[in-house]
Structures are given as C-alpha cells and as structure tokens.
C-alpha cells in the first residue's frame, strides 16, 4: 500500500463492492462529479469490477483511512496516454470524509504515485462551476492551474453549468513545499542511500 500521513492507496479488492456501490449512489457525490449515471445495484458493481482491469489505459485505486483501515473512496488514472505521458485523474470520497483534509492528501499522494512511479508528466481533470471544495483542493492547495472553461457544458441541478479544465505538470508538483513527503510515501527511504555501484566497477 502507498501511504501518507492519514490515507493510503491500494488496489481494488472484492470486499470493496459495498463502498463502491455507496459512492456510485450517493446523491451528494453524484451531484459534484462530472460524470452522470443511473443508480447502480450491487450486482452491476460486481460486473463492473470483473471487467475494470481489462482496460490498460485505466488504473483505479481505493483510498484507505489508515486510522481505521476502512476504504473511504476511490481515485486513479483514466485515459492514460503513454506517448504523451498524461492522464485524467479524479478522486471521490465518502461525504463523511471530505472535510477532514483527506481529499487534499489523496490528490497529493496520487500525484506522487503518477509522477514518480507511473512515469507521467501531466495530469488533468475537470471541475463543475459550483464545486468550490474541489477547486480549492486542486488549485489552492495542490498547485493545479485552471487552463480553460467549457461554458454550459454539463446539465446539473436543473441548469447548464460551466466546466473548468484544470491540470498540473510534474514540474509544478516538484515545486510544492510538501512534495518530498508524498514521494517518500511512494518510495520510502532516502534515494541518497542507494548503493553506488560505481565503487564496484573495474578500472
């Protein structure tokens, strides 16, 4: 498991069905995310889980509360473009966890994993115009930049909403003050402690 202070990221397991179904059907969560879907049953969620690993351009991870070892949300990478080293990312947490700073921590740890393990150099996402908490987490706290706005792109709450395009480069992430802490969650230990093999080379 990849760990930071309060949360961890791990692969999705069969016993995560309940949390995934709850996230898919929670009215607050479904209102705040860009995608749209009908209510999802547990059976549908099981079918989805059986097929989700078949797409090589997508990697989903569960967000874990380290204090309780409970799954509290999902994050990951979608539409991975290996040639251009970019991907879409998003984070969904149970409403009871969104005000504890776990969202910001999840975004930071996901970035460290994407940039320093997966090998990407650019991440992007989209935020609805009324989703102030996500905008604050991504842009104010995690160093993302607003790159554009798709006007009246999404129908939500009975009206057409603007959709802001946000993104971050690896160089932006590296400039953040807590970067090294999250990188250490992906690769524990000091890279300076790695073995210098040049000392064993023959003249």
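Scanning region 156-175 for residues that are crowded, with 17+ Cβ neighbours inside 10 Å and closer than 21 Å to residue 132 by Cβ gives 156, 161, 163, 164, 166, 167, 168. Residues in region 146-168 that are over 26 Å from residue 6 (Cβ atoms), in contact (Cβ under 8 Å) with a residue 24 or more places away in the chain and either part of a loop (DSSP other than H, G, I, E, B) or in contact with a helix residue (DSSP H, G or I) (Cβ under 9 Å, 6 or more places away or on another chain) (or both): 3 in all.
Cβ separations smaller than 8 Å between residues 6+ apart or across chains give the following pairs from region 12-37 residues that are without any contact (Cβ under 8 Å) to a residue 12 or more places away in the chain to residues that are part of a loop (DSSP other than H, G, I, E, B) and loosely packed, with under 15 Cβ neighbours inside 10 Å: 30/36; 30/37. Restricting region 55-92 to residues that are touching a residue at least 60 places away in the same chain (Cβ under 8 Å) and surrounded by fewer than 20 Cβ atoms within 10 Å (Cβ to Cβ) leaves a set whose member that is farthest from residue 107 (Cα to Cα) is 67. Looking only at residues of region 93-112 that are buried (at least 23 other Cβ atoms within 10 Å of the Cβ), in contact with a helix residue (DSSP H, G or I) (Cβ under 7 Å, 6 or more places away or on another chain) and in contact (Cβ under 8 Å) with a residue 40 or more places away in the chain, we find that the one that is nearest to residue 71 (Cα to Cα) is 109.
Of the residues 98, 19, which single one is assigned to a helix (DSSP H, G or I) and in contact with a strand residue (DSSP E or B) (Cβ under 6 Å, 6 or more places away or on another chain)?
None of the other options fit; the residue is 19.
All of the numbers you see were taken from the coordinates with simple rules; none came from a lab. As the structure is a prediction and not an experimental result, all values here were calculated from the model. With ideal geometry, Cβ positions are generated from the backbone for all residues, glycine too; neighbour counts draw on all protein chains shown.
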